[in-house]
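The values are calculated or read from the model by the stated rules, or taken from the named source; none is laboratory data. Note that the coordinates shown come from a computational prediction; the quantities given were computed from them, not determined experimentally. A quick note on method: Cβ atoms are made from the backbone with ideal geometry, for glycine too, and the neighbour counts reach across all protein chains shown. Ligands, DNA and RNA are stripped out before the accessible areas are found, and what is left, the full protein with its side chains, is counted by its heavy atoms. Shrake-Rupley method; radii C 1.70, N 1.55, O 1.52, S 1.80 Å.
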Amino acid sequence: QMQLVESGGGLVQAGGSLRLSCAASGRTFSSYAMGWFRQAPGQEREFVATIVWSGSTTYYADSVKGRFTISRDNAKNTVYLQMNSLKPEDTAVYYCAADVSTATMRLGRSSSWGRGTQVTVSS
């Protein structure tokens with residue numbers, strides 16, 4: 001199992017931007033697809049974005065498409081989520097995830113999870 005530590009969350013006004021980072025250790029980072037999920041209060045955790053091991057292909061939830069960008073740096077064992085044009089409905093705990101398959105993450109599952117970082121968007 002991979003160890004994942006998120007950072008970069010915080011409080012931002014609507015329309016603002018944040019960049020989340022996730023540092024990975026414990027496995028060969030470049031062998032894994034990476035992803036981001038989020039969970040708002042009272043709601044189930046939902047898929048946000050995922051990226052294949054090479055970084056060549058990405059997938060996004062419809063709710064964030066065009067506003068969020070996932071990327072990775074295999075030399076630094078780090079995956080990022082650039083969030084622009086943030087909305088109050090983006091408020092949630094954001095979780096980093098790792099799995100051998102982007103398809104698994106797009107179904108809402110993953111083999112490894114971070115502990116999450118809080119993102120709060122004020123109106």
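Measuring r between the beta carbons of Ser101 and Gln39 and using R0 = 30 Å, the FRET efficiency lands at 0.90.
In loop segments of the range 1-105 as defined by DSSP, the GluC sites (Glu not before Pro) with at most 14 further C-beta atoms inside 10 Å of their C-beta are Glu44.
Think of a 1.4 Å ball rolled over the protein heavy atoms: the chain then has 50 Å² of accessible area per residue.
DSSP assigns beta bridges within the chain; of those with both partners inside it, close to 90 percent run antiparallel. Here's how it looks for Val48: its modeled amide H is under 5 Å from those of Trp36, Phe37, Arg38, which are all 5 or more places away or on a different chain.
Per-residue 3J(HN,Hα) values for the range 75-92, derived from phi via the Karplus relation 6.51 cos²θ - 1.76 cosθ + 1.60 with θ = phi - 60°, read 6, 9, 6, 9, 10, 10, 9, 8, 10, 10, 6, 5, 10, x, 6, 7, 4, 4 Hz in sequence order (x marks Gly and Pro).
A Cβ-based charge dipole, computed about the Cα centre of the chain with Lys and Arg at +1 and Asp and Glu at -1, lands at about 160 debye.
Taking amide hydrogens as placed 1.01 Å from N in the peptide plane, the amide H of Ser112 sits under 5 Å from those of Ala98, each at least 5 positions away in sequence or on another chain.
Leaving out ligands, DNA and RNA, and with a 1.4 Å probe, what % of the accessible surface on the range 1-100 is carbon or sulfur? All intermediate terms of the calculation are to be shown ahead of the outcome.
Details: 2180 of 4850 Å².
Reported share for carbon and sulfur atoms: 45 percent.
Placing a pseudo-label 7 Å from each Cα along the Cα-to-Cβ vector at Thr120 and Ser25 gives an inter-label distance of 2.9 nm. The relative contact order of the chain, computed from alpha carbon pairs under 8 Å that lie at least 6 residues apart in sequence, is 37 percent.
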